[in-house]
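Novice: Below is one structure. I have some questions about it.
The values are calculated or read from the model by the stated rules, or taken from the named source; none is laboratory data. Bear in mind the structure is a predicted one, so any value in this text is a computation, not a measurement. Please note that ligands, DNA and RNA were not included when accessible areas were found on the heavy atoms of the full protein model with its side chains. Shrake-Rupley method; radii C 1.70, N 1.55, O 1.52, S 1.80 Å.
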Amino acid sequence: MSTKEQSTPPVATARALPTEEQKTRAEVNRLKAIAIREALREHAESQSTATGPASKNAASSSSPALGNKRSFAAMANNRKGGEGREDIAVKPARMFQKFVEYEFAKMTDTKGGFISTEDDPNSMLSAVDLQDKPAHMSLEDWAKHQLKMKLMKEKSGPFEPGLSALAMEEKEQIRCFECESVEVDWKWHEVFKCRVCAKCKDKMPEKYSLLTKTECRNDYFLTDPELKDEELLPRILKPNPHRSTWNNMMLYLRYQVEEFALKKWGSMENLDKEFERRSGVRKKRKDDKFRAKLKSLKNKTRVESWKRSTENDKHEHVWGTAVTNASGESVKTCEECGFEIEELVF
């Protein structure tokens, strides 16, 4: 018998998975084929209904028998460059689309579904405070009146005092303390009663800078009741820059705060002495607090060291002679600490 060498069977190699690009191409080709098939079927049905049985016989005579392939010319005549299926656009699936195309020329701005005042200036949206509106006034006139009253209240636009001052006579014009300019900051003139222009404010910050409430308390030792009194110290409220939910900042004019502090303390030397006294009190309070913490830390350290020393030196009892008590039990007592223990005698 002839023996044949047995060879190991070949190892089947694993097929590589298709890539994303191959999957995309296959899906697009599949959709194209489906679209072409549906177009051809609709085209054939429309021709059969239009031409009747005669066209059916002619089509059956021109079409090959079942199982035979059509010629290239017949296929080209039937398709004619996609004729008859212009409305069928081959679109990729949604999962393969990377962006969405919009025709902005055909889009209209709907204002988010709301009617704006530009579309309808006579609407109720263009007017406010309709409760006080006179009956003879239209909504458009009432809106203009409200806008005018708002500008007059805020002193902005044509009602700004810096612009209206030019129409006054020279004797009646409000001028700056430093440079006699007519461009006076109207807000400072109203609140602080201070006639100063923007250039002088930037040029002399040691006089016209603004101080916060905390700076007035710490540097000039003014109390809260004094700072809250607007007749003594006028102030401007501004939003807190650190956090919008906090209270508004109270800003005071520097030279007015210094004048009030001089009236209160008498002179700058007395203010310096008060500053030194409070600094000493603050330092002493800080030192006392530090010493108290240090003392408590030392006490804790001593207690812990004593506990460690007692744990290391363990007490050993020295028992005396057993004594029978009144109840007839045998009791031993330590001669050093007086600890008692009962003993059972059998």
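Novice: Ordering 30, 278 by accessible area with a probe of 1.4 Å, largest first, what comes out? Spell out each step's value before the answer.
Specialist: On the way: 30 115, 278 85 Å².
Descending accessible area places them as 30, 278.
Novice: Another question, then. How much of residue 174 can a 1.4 Å solvent probe reach, expressed as accessible area in Å² and rounded to 10?
Specialist: 60
Novice: With 18 Å as the limit, write out which pairs from 238/264; 228/264; 155/193; 155/187; 201/264 have Cα-Cα distances beyond it, or answer none. List each step's numbers first, then the result.
Specialist: Numbers: 238/264 27 Å; 228/264 16 Å; 155/193 16 Å; 155/187 9 Å; 201/264 26 Å.
The pairs that break the limit, which is 18 Å between Cα atoms, are 238/264; 201/264.
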